[in-house]
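Worksheet: one structure, shown below.
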Amino acid sequence: MENLKALAYELRKDTIDIIMAGGGGHIGGDMSVMEVLVDLYFRQMNVSPQQTEDPDRDYFIMSKGHSMEAYYAVLCRKGFLELDDVKARFSRFNSPYIGHPHNTLPGIEMNSGSLGHGLPVAVGLALAAKKRGGANRVYVVTGDGELAEGSNWEGFMSGAMFGLDNLCCIIDRNYLQISGSTEDVMALDDLKAKVEAFGWNVISLKDGNDLDEIDAAFESAKTVKGRPTCVIANTVKGKGSPVMENKAGWHHKVPTREQYEEIVRDLNAKKEALS
Amino acid sequence: MKNSIPNRKVICDVLMEHAKEDKEIMVLCSDSRGSASLAPFFEAFPDQSVEVGIAEQDLVGIAAGLAKAGMKPYAASPASFITTRSYEQCKVDCAYSDTNVKLIGISGGVSYGALGMSHHSAQDIAAMSAIPNMRVYLPSDRHQTRYLIEALLKDNKCAYIRTGRNPVEDVYTEENCPFEMDRATVLCEGSDVAIIACGEMVRPALDAAQILKEQGISATVLDMYCVKPLDRAAVIKAAENAKAVITVEEHSPFGGLGSMVAQVVSENCPRKVINIALPDAPVVTGTSQEVFEYYGMTGEGIAQKAAQALK
């Protein structure tokens, strides 16, 4: 587990390198969601580049598609993509590496970008697994600002109605969106009570950037029968460096050269402390 | 004898015939199984039926998820809702993500008569045709509907199929229903005018040809059930042999069959193209037939426009 904690910081560095190379990216949410992705891809999910069409694989849907740079970093480390190629071509003319998930790339199941799409699709995937008697688990990551889209609540309703205990929705609850605090823009709290009222098992993480806590939640979700689980990962937007932590302005931003160097110093220090 | 079987019922029949053997066929409804004539499917195949409630975005998103996992979902909801309420799901989750979702728009056009513009779908052809990787089909009668659904069951790409609410007079017979996927059906050939129609407007187009014949005007009639991909070769051939082209569709005058045919004709063999369609305005209150008569979308109305176009 210690190595995965260090890996999360290594992949943050890869993420920022991708953003620097492409000249754009949703850096704040990339940083907040990293431990969730690391735990899913390196501990929980049955996925690999050798089994992209395996009917028994687990499914991952990135509903907050704009956290694509973090997703690229994870897919590269997992062996689906080549980091050097992603860095060389991200956002460039005629590149396959765009700013949102695109399923012509290996390892990506569904396209997203416009918010509020992932959860209903995940409900469909989980329903198919149930119909077939498959052991697949389905994970979908949404943002918190994204939850203002009503389609998510249609998905919460149907996920519970169909009793999809193979479905797990992770909310990257970093409390910030483009215009500021989620609670000022369109208040979500009490989010746990809301999702519970929709019939889901809800696990609220004290620290959604703590891999131990995240993994324990996923393990616990597997034991719940008859209803889906929602993990509210209380994360820090821009996690990894004080330069960007908890600052709404870093939702989409490219660091200056000086900021980049400072961020990388911070990330390296954290990684070394965990190594 | 007047046909009493609506196209939507034929869709249910064909899906039921195949669902016995093919357990990957799934039917999804949004509190619409009755109006989609799919209640018998839900009764006979409960494990292959999904009710999502009045939630069209969820309907299409779930269908896309099922398709991604290898199922063959048919999502049915009123045409007006499935194409506009869940337009983005049709675009992103179906077409863009390339999932095998068949979107069945029921009670299309002005089928809902007096229920007003909220329930009319006069934009669906334009909206769905503008999405890359989305196909758009409007079968003209129950026989063609059967062939179309049989063909769609064999492929793995998404498509939108619009049907009306009411039984429509047959264009074909059980014994004689020529069908080639993505090719218009030539119903008759003439040298004066080419009438190109889709969906429920094909039968009146054929009636118009008969009226015109009595006036000494010979008409080609194309059943362009495949609005997208449009059978361009058939359009060009019909236009080349005629002095004017008439298009007929139960749709807005913008972005539908008429617009597409006009593009092809103007590029390849310029002729006068007259588009007979619903107005760019709230449609007059009435039954489908009353609405069609009011706007000249009948055999007589089409024949009159065709004769005028030749003057």
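Details
- Over region A:2-274, the fraction of Cα-Cα pairs per 10 Å bin, rounded to whole percents and listed from the shortest bin up, is 7, 32, 38, 19, 3, 0.
- For the peptide B:47-58, the mean number of other protein chain Cβ atoms found within 10 angstrom of a residue's Cβ is 5.
- The order of A:104, A:235, B:163, going from fewest to most other C-beta atoms within 10 Å of their C-beta, is A:104, A:235, B:163.
- Positive minus negative residues near residue A:153 (Lys, Arg vs Asp, Glu; Cβ under 10 Å): -2
- Checking every one of the GluC sites (Glu not before Pro) in region B:1-99 against DSSP loop status and a limit of 12 other Cβ atoms within 10 Å picks out B:21.
- Shape call, region B:49-119: gyration tensor on alpha carbons, a/c limit 1.5: prolate
- Protection proxy ranking, peptides A:193-205, A:122-134, A:27-39, average beta carbon neighbours within 10 Å, highest first: A:27-39, A:122-134, A:193-205
- Partner chain coverage, peptide A:127-140 - average Cβ within 10 angstrom: 3
- Taking Cβ atoms as reference points and 14 Å as the exclusive limit, the residues near residue A:236 contribute a net charge of -2, counting Lys and Arg as +1 and Asp and Glu as -1.
- Mean separation of Cα contacts under 8 Å, 6 or more apart, over the residue count of chain B: relative contact order %: 16
- Of the two radii for region A:132-275, the radius of gyration is 1.03 times the Kirkwood radius, both from the alpha carbons; that is the Rg over Rh value.
- Take the Cα of residue B:285, step 7 Å toward its Cβ, do the same at residue B:173, and the gap between the two points is 4.3 nm.
- Spin-label proximity, residue B:310 to region B:275-303 - amide N less than 13 Å from point 7 Å beyond Cα toward beta carbon: B:303
- Cβ-Cβ FRET estimate between residue A:194 and residue A:224, R0 fixed at 22 Å, reported to 0.05: 0.75
- With 25 Å as the limit, the listed pairs A:239/B:91; B:9/B:228; A:78/A:270; A:206/A:239; A:87/B:68 have A:239/B:91; A:87/B:68 beyond it between alpha carbons.
- Region B:225-288 - percent relative contact order, Cα under 8 Å, separation 6 or more: 37
- Percent RCO, i.e. relative contact order, over chain A, from Cα pairs under 8 Å lying at least 6 residues apart: 25
- Computed lengthening from residue A:187 to residue A:257, 0.36 nm per intervening residue step minus Cα-Cα distance: 21.6 nm
- Of the residues A:175, B:92, B:205, the one whose Cα sits farthest towards the positive end of the charge dipole of the protein assembly as shown is B:205 (charges of +1 on Lys and Arg Cβ, -1 on Asp and Glu Cβ, taken about the Cα centre).
- Relative exposure of A:175, A:139, judged by other C-beta atoms within 10 Å (fewest first): A:175, A:139
- Inter-chain Cβ neighbour average for residues B:13-21, partner chain, 10 Å: 0
- Check: region B:61-147 dipole with +1 on Lys, Arg Cβ and -1 on Asp, Glu Cβ, in debye: 220
- On Cα atoms only, tilt of A:211-223 relative to the major axis of chain A in degrees: 20
- FRET efficiency for residue B:84 and residue A:48, using Cβ-Cβ distance with R0 set to 45 Å, rounded to 0.05: 0.65
- Label-point gap, in nm, between residue B:214 and residue A:92 - each point 7 angstrom along Cα→Cβ: 7.1
A short reminder: the numbers here are calculations on the coordinates, not readings from a lab. Keep in mind it's a predicted model, so treat the numbers as computed, not measured. We place every Cβ from the backbone using ideal geometry, glycine too, and count neighbours over all the protein chains shown.
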